[in-house]
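None of the figures in this text is laboratory data; all of them are computed from the coordinates on show. For clarity, every value in this text was computed on a predicted model and none was experimentally measured. Cβ placement follows ideal geometry from the backbone for every residue including glycine, while neighbour counts extend to all protein chains displayed.
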Amino acid sequence: MTDQPSPPLTLSHRAHLQTALEMAREAVAAGSSPVGAVLVNEKDEVVAKGRNRVGEDQTAERVGGASVAHAEMDVFFALGKLKNPGKLTLYSSLEPCLMCGGASSLLGVGRVVWATDDAWGGSGRLIKWADHPAMQSTEVMACPYPDLEAEGARLFAPEAKRAFPDEGWELWRERYPAETAEVEESGEKQGGEDGKD
Ligand SMILES: [Zn+2]
């Protein structure tokens, strides 16, 4: 465990985050929330892809139909017991929530990377992963690419407005003023959408 030198391989962070964003778009098309996730091994190979499925039925293969059907949980449920979790990197289009961040750490996933912060539902500021005694082995990389961060914010902002309480949406507006302004404008044009779940 300690004597094996790890090869100086750099994972394709950008490409994997783009795949997570693609999965987020697929989730929206299927009637779920815009979040996608990808698990990658130390050889830069995709082990599993997942996406939010809260708006879909649960099946034998996939978690669904419940508020635990987040993109990261979709990946974990699909894989079962992880092999060499410490060598895996989880990419998510959005900062994982407490459940998914906690699960990643509990499972011993080596690294978690996300495209966009979630100022309301994200776990980063609550857990402060680096300070958490049970989460020392999980490296966290937040928002490494500004353009993908903006893309993820634009993708999730309508959901943040729809699903979060007013104070949550307010935090999103502070964190991503430009992307949330687009939602406010389009909401006005369409007469606004309501229906919080
Ligand atoms: Zn989650």
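Values as computed for the structure displayed
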item: Residue tally, condition within 15 Å of the ligand (Cβ to nearest atom) and among the aliphatic types (A, V, I, L, M), over the stretch 32-68; result: 8
item: Count of the stretch 69-98 residues which are farther than 14 Å from Arg53 by Cβ, of a type outside the set (D, E, K, R) and within 10 Å of the ligand (Cβ to nearest atom); result: 5
item: Positions within the stretch 74-96 being surrounded by 21 or more Cβ atoms within 10 Å (Cβ to Cβ) and part of a loop (DSSP other than H, G, I, E, B), in sequence order; result: Leu88, Glu95, Pro96
item: Residue count for the stretch 23-73, restricted to those that are small (Gly, Ala, Ser), surrounded by fewer than 17 Cβ atoms within 10 Å (Cβ to Cβ) and assigned to a loop (DSSP other than H, G, I, E, B); result: 7
item: Filter result (within 14 Å of Thr138 (Cβ to Cβ) and either of a type in the set (Gly, Ala, Ser) or surrounded by fewer than 24 Cβ atoms within 10 Å (Cβ to Cβ) (or both)) within the stretch 99-108; result: Gly101, Gly102, Ala103, Ser104, Ser105, Leu106, Leu107, Gly108
item: Search result, residues across the stretch 99-112 that are within 15 Å of the ligand (Cβ to nearest atom) and of a type outside the set (S, T, N, Q); result: Met99, Cys100, Gly101, Gly102, Ala103, Leu106, Leu107, Val109, Val112
item: Candidate set from the stretch 121-180 (those that are among the aromatic types (Phe, Trp, Tyr) and closer than 23 Å to Arg25 by Cα); member that is farthest from the ligand (Cβ to nearest atom); result: Tyr145
item: Odd one out for Val113, checked against (1) under 17 Å from Leu126 (Cα atoms); (2) surrounded by 24 or more Cβ atoms within 10 Å (Cβ to Cβ); (3) of a type outside the set (Ser, Thr, Tyr); result: (2)
